[in-house]
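Report on the structure given below.
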Amino acid sequence: EAGVTQFPSHSVIEKGQTVTLRCDPISGHDNLYWYRRVMGKEIKFLLHFVKESKQDESGMPNNRFLAERTGGTYSTLKVQPAELEDSGVYFCASSQRRVIDTQYFGPGTRLTVL
Amino acid sequence: AQSVTQLDSHVSVSEGTPVLLRCNYSSSYSPSLFWYVQHPNKGLQLLLKYTSAATLVKGINGFEAEFKKSETSFHLTKPSAHMSDAAEYFCVVSDPNTGKLIFGQGTTLQVKP
């Protein structure tokens with residue numbers, strides 16, 4: 001069974017540009033989470049999808065971030081326009097049906113904004 | 001509110017000696033606690049989890065953790081470190097209503113030959 005995959009693994013962009021990160025969860029997992037680790041800080045929750053619905057987006061830093069989950073399958077996280085402080089590693093995780101089910105993480109996308 | 005505090009940002013041990021990574025938690029509920037590990041250039045991997053069953057939890061690669069409610073601790077141990085254990089370790093608590101994970105700051109484990 002394939003694990004959680006993320007694309008790209010690295011992205012380097014200029015301030016003001018747009019970047020879209022993609023996450024493919026484990027097949028059949030209803031829950032999909034995005035987390036972020038900014039340099040020197042702890043990993044923090046961004047948002048949670050249940051199937052295609054946003055369940056909790058309390059961790060989204062501002063309206064430059066837009067997440068979608070088309071048809072309850074893969075998810076994208078768009079940053080537009082990117083700022084320097086958006087640099088960090090973005091992780092995606094998925095779990096089966098219950099919120100207490102174990103979350104399985106992808107390898108992360110390292111975003112560098114210059 | 002829930003939180004976890006990892007008491008050491010870096011731990012260095014010699015190969016073959018015991019490992020102790022310390023974690024204290026704060027939770028209004030009976031917590032679900034986890035340890036995840038991240039090896040260089042890899043994703044986060046679940047080592048073990050506690051969900052109110054046995055207080056001593058065994059995980060992968062010889063790691064275990066003991067839930068101590070009186071001390072609000074969930075320390076990670078391993079009897080004998082291996083070079084391949086060098087990685088960053090995260091103590092994590094989950095929100096029981098939403099499932100979102102709250103991470104500690106991480107502890108980098110260095111294993112010297």
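The values are calculated or read from the model by the stated rules, or taken from the named source; none is laboratory data. Nothing here was measured: the structure is a model prediction, and the numbers come from that model. Note that we place each Cβ from the backbone using ideal geometry, even for glycine, and neighbour counts take in every protein chain shown.
When segment B:79-99 is limited to residues that are among the small types (Gly, Ala, Ser) and part of a strand (DSSP E or B), the one that is nearest to the other protein chains (Cβ to nearest Cβ) turns out to be B:Ser94.
Between A:Leu111, A:Leu77, the distinction of being under 24 Å from B:Asn97 (Cβ atoms), surrounded by 21 or more Cβ atoms within 10 Å (Cβ to Cβ) and touching a Ser or Thr at 6+ places or on another chain (Cβ under 8 Å) belongs to A:Leu77 only. Could you check, for segment B:33-48, whether at least one of its residues is modelled with pLDDT of 95 or more and not in a strand (DSSP E or B)? No, every residue in segment B:33-48 fails to be modelled with pLDDT of 95 or more and not in a strand (DSSP E or B).
What number of residues within segment B:14-32 are at pLDDT 95 or above and over 15 Å from the mean Cα position of the chain (by Cα)? Residues in segment B:14-32 being at pLDDT 95 or above and over 15 Å from the mean Cα position of the chain (by Cα): 4 in total. Within segment B:33-65, the set of residues being closer than 20 Å to A:Arg98 by Cβ and without any contact (Cβ under 8 Å) to a residue 40 or more places away in the chain comprises B:Leu46, B:Leu48, B:Lys49, B:Tyr50, B:Thr51, B:Ser52, B:Ala53, B:Val57. Residues in segment A:96-114 that are among the polar types (S, T, N, Q) and more than 7 Å from chain B (Cβ to nearest Cβ) were compared, and the one that is farthest from B:Leu33 (Cα to Cα) is A:Thr112. Restrict the check to segment A:8-19 and report whether at least one residue is surrounded by fewer than 19 Cβ atoms within 10 Å (Cβ to Cβ) and within 11 Å of chain B (Cβ to nearest Cβ). Yes. Of all the listed residues (A:Thr112, A:Thr102), the sole one being under 18 Å from A:Gln6 (Cα atoms) and either β-branched (Val, Ile, Thr) or modelled with pLDDT under 95 (or both) is A:Thr112. Counting the residues of segment A:67-105 that are under 10 Å from the mean Cα position of the chain (by Cα) and hydrophobic (A, V, I, L, M, F, W, C) gives 6. All conditions but one from (1) over 15 Å from the mean Cα position of the chain (by Cα); (2) touching a residue at least 24 places away in the same chain (Cβ under 8 Å); (3) buried (at least 21 other Cβ atoms within 10 Å of the Cβ) apply to B:Lys100; the one that does not is (2).
When you look at B:Val19, is it within 14 Å of chain A (Cβ to nearest Cβ), hydrophobic (A, V, I, L, M, F, W, C) and surrounded by 14 or more Cβ atoms within 10 Å (Cβ to Cβ), yes or no? Judged against the criteria, B:Val19 is not a match.
For segment B:49-72, the candidate set comprises residues that are surrounded by fewer than 16 Cβ atoms within 10 Å (Cβ to Cβ) and assigned to a strand (DSSP E or B); within that set, the residue that is nearest to the other protein chains (Cβ to nearest Cβ) is B:Lys58. Take A:Asp86 and tell me if it is within 12 Å of chain B (Cβ to nearest Cβ) and on the phi < 0 side of the Ramachandran plot. No, not satisfied. Tallying residues that are surrounded by fewer than 18 Cβ atoms within 10 Å (Cβ to Cβ) and of a type in the set (Phe, Trp, Tyr) within segment A:30-73 yields 0.
Within segment A:1-31, the residues that satisfy the criterion of being in contact (Cβ under 8 Å) with a residue 60 or more places away in the chain, part of a loop (DSSP other than H, G, I, E, B) and over 21 Å from A:Glu52 (Cα atoms) are A:Pro8, A:Ser9, A:Glu14, A:Lys15, A:Gly16, A:Gln17, A:Thr18. Counting residues in segment A:72-80 that are at pLDDT 95 or above and part of a loop (DSSP other than H, G, I, E, B) gives one or more.
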